[in-house]
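Please treat every number below as a calculation from the coordinates, not as lab data. Small disclaimer: the values here were computed from a predicted structure and weren't measured. For neighbour counting, all protein chains shown are included, and Cβ atoms are generated from backbone atoms with ideal geometry for every residue, glycine included.
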Amino acid sequence: MSTSADRVDESNGDDAEGGREGGGSRWKTVGYVVGAVVVLALLYVAGSRLGGYRDAFESWIQGLGVWAPLVFILAYAAGTVVFAPGSVLTLISGAVFGLVWGTVYAWTGATIGACLAFLIARYLARGWVEAKLEDKPRFRELDHSIGRDGGKIVALLRLVPVFPFVLLNYGLGLTKVRFVHYVWACFAMVPGTLLYVYYGHIAGQVLEGSHDPKKWALNAVGLVAVLWVTVVITKKARAVLAAETDLDREELEETSETTGKAEEGEHPGEATDA
């Protein structure tokens, strides 16, 4: 039988645990705010220094008229196939086309490129892709899970950067996942694409010479919101991926961090962990 003293101790313990959780939540919020401020500062500096390149690209895009979105999408798709740094094009998409259409065009280009890489691996370059994956034992471990529940696992892999984006596109072509499920899973690339387009959109405002405090405050709030949503989605996806496969959750976290650093400047197809 529990005594009053025991109940008081339990209550104090619960309060202490709740305090720690509350404190952790507050520190996470502070972290997101500080991160957004740092990102805004970096984007301001980058935007100021790269203004000439952006102006030249925008002039070229405007010269294409109504064909500009199509040309951009096809260029993005081709870049994805040949291992080009897609993050650069995604940033440009946000700077030139804006937040909404920039996300649509970048995601469409990335999806077409991912599908082309998948089909090339499945029907044209199987041996070359197998050689590329020889030193990736985790991919072989995932093959069984993909064969059992392909679309779901592929979507989770899009959200958790376990493998480099372009290599993943080719590697999935060797698995049993159906092409239609692979295409639907590409919608999981939206959070990461939106984040990078947001970066580019803010840099574009710098190039336009915008110094409106209200606009920059709104940018900061929006960036914190996008970062928070992206991180939450990635963490939940990592937990589900660990439950659905033989991969250990801690191992996934370490692999995601390593892959994220290696892919910096390569491609924003997967959501970013912070």
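Take the Cβ atoms of Glu141 and Phe179, set R0 to 22 Å, and the FRET efficiency comes out at 0.45. Working ranking of peptides 86-94, 218-226 by packing, defined as the average number of other Cβ atoms within 10 Å per residue, highest first, is 86-94, 218-226. Rounded to whole numbers, the Karplus 3J(HN,Hα) couplings from phi for region 81-93 are 5, 9, 6, 6, x, x, 4, 4, 5, 5, 4, 4, 4 Hz, using 6.51 cos²θ - 1.76 cosθ + 1.60 with θ = phi - 60°, and x at Gly and Pro. Over 25 Å apart at the Cα level, from the set Lys136/Lys176; Lys214/Lys236; Lys152/Lys236; Lys132/Lys176; Lys132/Lys235, are Lys214/Lys236; Lys132/Lys235. In this structure, Ala131 and Lys236 have a Cβ-Cβ separation that, at R0 = 25 Å, corresponds to a calculated FRET efficiency of about 0.15.
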